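A.B. asks: One structure follows; several queries about it will come next.
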Amino acid sequence: MTTNWTINSVKEAIAGKKVSARELAAEHFKRIAARNKEMNVYLTLCEERAYAQADRIDADVAAGRALPALAGVPIAVKDVISTRGVRTTCGSKILENYVPPYDATAVTRLEAAGAVILGKTNCDEFAMGSSNENSAYGPVQNPAAPGTVPGGSSGGSAAAVAADLAVTSLGTDTGGSIRQPGAFCGIPAMMGSYGRVSRYGLIAFASSLDRIGPFARKVEDVAAVLQVMAGRDPNDSTSTTAPVEDYTAEMRKPVKGMKIGIPKEYFGEGMDSGVREKITAGIELLRKLGCQVMDIQMPHTDYAIATYYIIATAEASSNLARYDGVRYGLRQESDTLVSTYRKTRGAGFGAEVKRRIVLGTYVLSAGYYDAYYLKGQKVRALIAQDFRNAFQKVDVIVTPTSPVPPFRLGERTNDPLQMYLADIYTVTGSLAGLPGISVPCGKICGKLPVGLQVFGPAFGEARVLQLAHAFEEARGANI
Amino acid sequence: MKISRHDVLRVAELAYLDLSETELEIYRAQIDEILEYIGKLNELDTAKVEPMAQVLADDQTADATLREDVVTPCAVAEDILRQAPDPEGPYFRVPKVIER
């Protein structure tokens, strides 16, 4: 069996009739059957749907028809993204038996482009977490560093690609939930700008922050999947008509002379020395590629975590009000309607979700709104302004993705604040609505993957991909 | 102390969330620590800062104009009702709301 497929190698093999889309799907399902028990990557498989799609691609090949961009590419989808007729749990007991009546637009577009959806991946409950340990269905193993967490919340999607159980996958990013697991599992992972990819069918956590984006083994595959999903969708009023660039073409342009800002605030205390060493070497490599590396200042970085956990929890408390045991999901029957709501929610939500609902309701409640929520929105404006100021001087900003390498399973579960603080380098770009990618930047002692993060200005996806691609090409195995 | 046991009970009431005694005490202590940390935002003078209530820039929000209010066919009613814990015909059934 061939392993480590990429979109291009799939394309060549299918067009050249070396392998059929059905065989490729079967090969993946075989590996999943062998490894999922130990990895816990997939929560639900959709073999019937996958083979039906694969057969359509194989019929196209047989008939000599032109093949779409992702023809036959096996893909995994995070379990917060709706798939018609395929169970979607959000990693929560409250949606254990929920079967969406429609597909998310991202899913519709991927399938229209020929992708073969294998199944739904494990994640932190309602995408709330940084280690995948908040899933009601158990933790996920990190295939790149056994015994450690794969990151979160899109841990299953990252692990699926890293463990060769899918060629690419979809995750969602609210405060780092694509980029950080990408870094922890040693693969490229990207979120486009806020408004770039439709969220229709994405089950909401924090609506001013949530984004859908891809994981893959190569930056060019990340670009290809983003390309298919990007663009206005009439079903999502926050998706924009801003023109979508040709990412694959733009990505190959030379990076010589590109101005790269390094914010000193992203290299402060709390940063692991191994991460620092790898990122410093990564920046040195960018210099060798002819980029102009310069120091910049982003003075409000230190306030980003506090701001993020006000805004994200406030929005979550509102979005999660819909789980009331009436229209879908779990119901804990009681004698009155209100006690039915209360019991249903008390029984259906896990600890992190409850904690965030309580915190989010508190910061929005009478007497505290101005002190917390309004204050958070104001500091968010300052953080966004830091980025706008920086992009007056530089083309992209380069930082570590996470201050720490993948940690041991169970190591941090008892201290939520410590877990939150590790999101420091990712939440800033989330709050500002900007595109960001994490690309592999070596492994500490050859074991623990480190990710290098690139931020671009709003709708500057092509530029972000361009630098990430050049970095990936230039990087030897040893930095 | 930023948040009291009473505050957590009040908030849980607002959020329709049953919490056990143990949960109540654990969340109170954890959220207290988080709010203590969040307090660092008060170091910043934001009197003259406009709150960021919208992520998209002004030139992109033009996209979000309202569509025409036209009825389009939607054939998922059956599928939606099938998801309900207690459907009856075209309705969602709930425990009695009105006392008499």
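A.B. asks: Select, from A:Ala162, A:Ala158, A:Ala166, the only residue that is out of contact with any Asp or Glu (no Cβ under 7 Å at 6 or more places or on another chain), within 21 Å of A:Asp210 (Cβ to Cβ) and buried (at least 24 other Cβ atoms within 10 Å of the Cβ). Show your work before the answer.
C.D. replies: Details: A:Ala162 fails: within 21 Å of A:Asp210 (Cβ to Cβ); A:Ala166 fails: within 21 Å of A:Asp210 (Cβ to Cβ).
After applying the criteria, what remains is A:Ala158.
A.B. asks: Please give the number of the condition A:Ser273 fails out of (1) among the small types (Gly, Ala, Ser); (2) touching a residue at least 60 places away in the same chain (Cβ under 8 Å); (3) more than 14 Å from chain B (Cβ to nearest Cβ).
C.D. replies: Here A:Ser273 meets the rest and fails (2).
A.B. asks: Condition test on B:Gln30, is it touching a Pro at 6+ places or on another chain (Cβ under 9 Å) and either in a helix (DSSP H, G or I) or at pLDDT 90 or above (or both)? Give the steps one after another, and end with the answer.
C.D. replies: Working: touching a Pro at 6+ places or on another chain (Cβ under 9 Å): yes; either in a helix (DSSP H, G or I) or at pLDDT 90 or above (or both): yes.
Considered against the rule, which asks whether it is touching a Pro at 6+ places or on another chain (Cβ under 9 Å) and either in a helix (DSSP H, G or I) or at pLDDT 90 or above (or both), B:Gln30 comes out as yes.
A.B. asks: Name the residue, out of B:Gln30, B:Gln54, that is of a type in the set (S, T, N, Q) and more than 7 Å from every other protein chain (Cβ to nearest Cβ).
C.D. replies: Every option except B:Gln54 fails the conditions.
A.B. asks: Still on this structure, please answer the following. State yes or no: is A:Leu359 modelled with pLDDT of 95 or more, on the phi < 0 side of the Ramachandran plot and either basic (Lys, Arg) or surrounded by fewer than 22 Cβ atoms within 10 Å (Cβ to Cβ) (or both)? Walk me through how you get there before you give the answer.
C.D. replies: Values: modelled with pLDDT of 95 or more: yes; on the phi < 0 side of the Ramachandran plot: yes; either basic (Lys, Arg) or surrounded by fewer than 22 Cβ atoms within 10 Å (Cβ to Cβ) (or both): no.
Taking the combined requirement at face value, the residue does not satisfy it.
A.B. asks: All but one of (1) under 15 Å from the mean Cα position of the chain (by Cα); (2) under 26 Å from B:Pro51 (Cα atoms) hold for A:Val439; which doesn't?
C.D. replies: Result: A:Val439 passes all but (2).
Results for (1) surrounded by fewer than 23 Cβ atoms within 10 Å (Cβ to Cβ); (2) touching a His at 6+ places or on another chain (Cβ under 7 Å); (3) in a helix (DSSP H, G or I), shown as yes or no for each residue.
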| site | (1), (2), (3) |
| --- | --- |
| A:Arg31 | yes, no, yes |
| A:Arg35 | yes, no, yes |
| A:Glu38 | yes, no, yes |
| A:Asp55 | yes, no, yes |
| A:Asp60 | yes, no, yes |
| A:Pro68 | yes, no, no |
| A:Ala76 | no, no, no |
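A.B. asks: Show the residue pairs meeting these rules: Cβ distance below 7 Å; 6+ apart or different chains; first residue within region A:179-204 and more than 17 Å from A:Val41 (Cα to Cα); second residue in a strand (DSSP E or B) and of a type in the set (D, E, K, R).
C.D. replies: Listed by first residue and then by second, the contacts come to A:Arg179/A:Asp173; A:Met191/A:Asp173; A:Met191/A:Arg211; A:Gly192/A:Arg211; A:Tyr194/A:Arg211; A:Val197/A:Arg211.
A.B. asks: May I pose another question? Could you run through region A:347-375 and say how many residues are more than 7 Å from chain B (Cβ to nearest Cβ) and either within 18 Å of A:Ser135 (Cα to Cα) or outside any helix (DSSP H, G or I) (or both)?
C.D. replies: Of the residues in that region, 11 qualify.
A.B. asks: If you take the residues in region A:311-346 that are touching a residue at least 40 places away in the same chain (Cβ under 8 Å) and at the interface with chain B (Cβ under 8 Å from one of its Cβ atoms), which one is nearest to B:Val11 (Cα to Cα)? Show your work before the answer.
C.D. replies: Step one: of region A:311-346, the residues touching a residue at least 40 places away in the same chain (Cβ under 8 Å) are A:311-320, A:323, A:328-330, A:344-345.
Of the ones still in play, those that are also at the interface with chain B (Cβ under 8 Å from one of its Cβ atoms) are A:317, A:328-330, A:345.
Values: A:Ser317: 11, A:Tyr328: 24, A:Gly329: 23, A:Leu330: 22, A:Arg345: 14 Å.
Looking at the filtered set, the residue picked out is A:Ser317.
A.B. asks: So A:Met229 fits all but one of (1) within 30 Å of B:Val70 (Cβ to Cβ); (2) surrounded by fewer than 21 Cβ atoms within 10 Å (Cβ to Cβ); (3) of a type outside the set (Phe, Trp, Tyr); what number is the exception?
C.D. replies: (2)
A.B. asks: Same structure, new question: Quick one: would you say A:Pro299 is out of contact with any strand residue (DSSP E or B) (no Cβ under 8 Å at 6 or more places or on another chain), touching a residue at least 60 places away in the same chain (Cβ under 8 Å) and not aromatic (Phe, Trp, Tyr)?
C.D. replies: yes
A.B. asks: Does A:Thr313 fit the bill of being surrounded by fewer than 19 Cβ atoms within 10 Å (Cβ to Cβ) and among the β-branched types (Val, Ile, Thr)? Steps first, answer last, please.
C.D. replies: Numbers: surrounded by fewer than 19 Cβ atoms within 10 Å (Cβ to Cβ): no; among the β-branched types (Val, Ile, Thr): yes.
When the stated conditions are applied, A:Thr313 does not pass them.
A.B. asks: Just checking, does region A:62-70 include any residue being among the hydrophobic types (A, V, I, L, M, F, W, C) and under 17 Å from the mean Cα position of the chain (by Cα)?
C.D. replies: No; the residues of region A:62-70 include none that is among the hydrophobic types (A, V, I, L, M, F, W, C) and under 17 Å from the mean Cα position of the chain (by Cα).
A.B. asks: Specify the residue that is nearest to A:Thr426 (Cα to Cα); the eligible residues are those in region A:456-474 that are crowded, with 23+ Cβ neighbours inside 10 Å and in contact with a Pro (Cβ under 7 Å, 6 or more places away or on another chain).
C.D. replies: The qualifying residue nearest to A:Thr426 (Cα to Cα) is A:Gly456.
A.B. asks: Could you figure out which of (1) within 18 Å of A:Thr301 (Cα to Cα); (2) in a helix (DSSP H, G or I) isn't true of A:Thr399?
C.D. replies: Checking A:Thr399 against (1) within 18 Å of A:Thr301 (Cα to Cα); (2) in a helix (DSSP H, G or I), the one that fails is (2).
A.B. asks: Tell me the residue from A:Asn414, A:Asn389 that is within 12 Å of chain B (Cβ to nearest Cβ) and either of a type outside the set (Gly, Ala, Ser) or more than 30 Å from A:Leu448 (Cα to Cα) (or both), please.
C.D. replies: Values: A:Asn389 fails: within 12 Å of chain B (Cβ to nearest Cβ).
One residue alone meets the criteria, A:Asn414.
A.B. asks: So, one more: Exactly one of these conditions fails for B:Pro90: (1) at pLDDT 95 or above; (2) more than 9 Å from chain A (Cβ to nearest Cβ). Give me its number.
C.D. replies: For B:Pro90, the failing item is (1).
A.B. asks: Can you tell me which condition A:Ala160 does not meet? The list is (1) under 29 Å from A:Val61 (Cβ atoms); (2) within 14 Å of chain B (Cβ to nearest Cβ), and all the others hold.
C.D. replies: Failing condition for A:Ala160: (2).
The values are calculated or read from the model by the stated rules, or taken from the named source; none is laboratory data. Bear in mind that the values here come from a model prediction, so they are computed numbers and not experimental data. We place every Cβ from the backbone using ideal geometry, glycine too, and count neighbours over all the protein chains shown.
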